[in-house]
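Participant: Below you will find the structure I want to go over with you.
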């Protein structure tokens, strides 16, 4: 699931979260926006391949994703200012920077979740990650950072799925290596600050118990092969595991998959899934099935993709460590990567920059500051000065280096405090004693 995709991310993000130009950096929902368009009976018809967005590939002509077209294609809704204001009113907290700046920009039934919450009804969060690398990059952190905010403001339980089984199917990892990476990735997720009394982290290989497996089979019995092909663009050349995995990612959307947490009056609890937009097809399928199994349709809140250092036409790739800032990078690494590889929208010379200003639409340092600089006034000032030529590229990059260094240093300190016993505590099959406290 991949950070529900790295925003990139369920997988965070499950719900992950996020990564532009990542041929599968997450495994948490997908669908082809052009290559094959589902029609009523599940068959597909070829259309012009302007952009492809699915759990395994994100690409677009010219490198720029058309999010408006994607929202129309997937049939989700824009997260507008009125909904953000309602968020603030209900929680009594300022909206997260990812909401304020439109980085989480689309949703499915978020209004229903807020309606239920105002009526005093409970819900739980679900996100995840596909553990395919030793360490996470900042794009992987985005969905988890946002999920922690949701957990804090609503005081609700969270389940995090580590899809170690999926990485054997798609990445060709051995079972043993995938299990090891899942545990290492869990340490980085825990370092984001989740509350152990409200959070259950599970890996598919170790948690595949009767309750969740029964739900997997129930879901599978509601979805035809044609439907899977239509949604995910699979062919007969793909291994069978790829056809079955969507049911595994869907099952945590139903509370009965976790009877040790959700039993009795909580057995039909609503679910909210923070994830990157590429994960939407997984849960569109799940939402189709939910009423047939007497569950609420899972609600989604979906993010844009996090760009590679080289820009939207670049690709974050584990084989190219200079394409992203990793949580294991040293301060020297961060400075070098930003100065050498972060694509600039500034002019070629100081004279031209002073005269014409920077193109903020393509400038990666500005895009990264949009994610990680919390001060709205400072961000606006940087954009105005840089766009007008009053500020130079080097000055913007210097500020970004400060911001990223602080985030990475803080994460590294938190990660160092996570022991094997800490991981065991988060992954123990247990009730969550303070899940709504």
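Where a number appears in this text, it was derived from the coordinates with a stated rule and is not lab data. Keep in mind that this is a model prediction, so the values were computed, not measured. Neighbour counts run over all protein chains shown; Cβ positions are idealised from the backbone, glycine included.
Participant: Restricting to region 251-286, give me the number of residues that are part of a helix (DSSP H, G or I) and either under 21 Å from residue 197 (Cβ atoms) or touching a strand residue (DSSP E or B) at 6+ places or on another chain (Cβ under 7 Å) (or both).
Facilitator: So the first thing to find is which residues in region 251-286 are part of a helix (DSSP H, G or I), and the list is 251-253, 255-257, 264-266, 277-286.
If we keep only those that are either under 21 Å from residue 197 (Cβ atoms) or touching a strand residue (DSSP E or B) at 6+ places or on another chain (Cβ under 7 Å) (or both) as well, we get 252-253, 255, 257, 264-266, 277-278, 280-281, 283.
Going through region 251-286 one residue at a time, the tally reaches 12.
Participant: Considering only residues that are at negative phi and assigned to a loop (DSSP other than H, G, I, E, B), look in region 53-83 and name the one that is surrounded by the most Cβ atoms within 10 Å (Cβ to Cβ). Write out each step before concluding.
Facilitator: As a first pass, look at region 53-83 and keep what is at negative phi: 53-61, 64-74, 76-83.
Applying the additional criterion that residues be assigned to a loop (DSSP other than H, G, I, E, B) yields 55-56, 64-66, 76, 79-80.
Values: 55: 33, 56: 20, 64: 15, 65: 23, 66: 16, 76: 22, 79: 21, 80: 12.
My answer is 55.
Participant: From the list 396, 418, 366, which one is in a helix (DSSP H, G or I) and either within 22 Å of residue 196 (Cα to Cα) or in contact with a helix residue (DSSP H, G or I) (Cβ under 6 Å, 6 or more places away or on another chain) (or both)?
Facilitator: Numbers: 418 fails: in a helix (DSSP H, G or I); 366 fails: either within 22 Å of residue 196 (Cα to Cα) or in contact with a helix residue (DSSP H, G or I) (Cβ under 6 Å, 6 or more places away or on another chain) (or both).
Result of the check over 396, 418, 366: 396.
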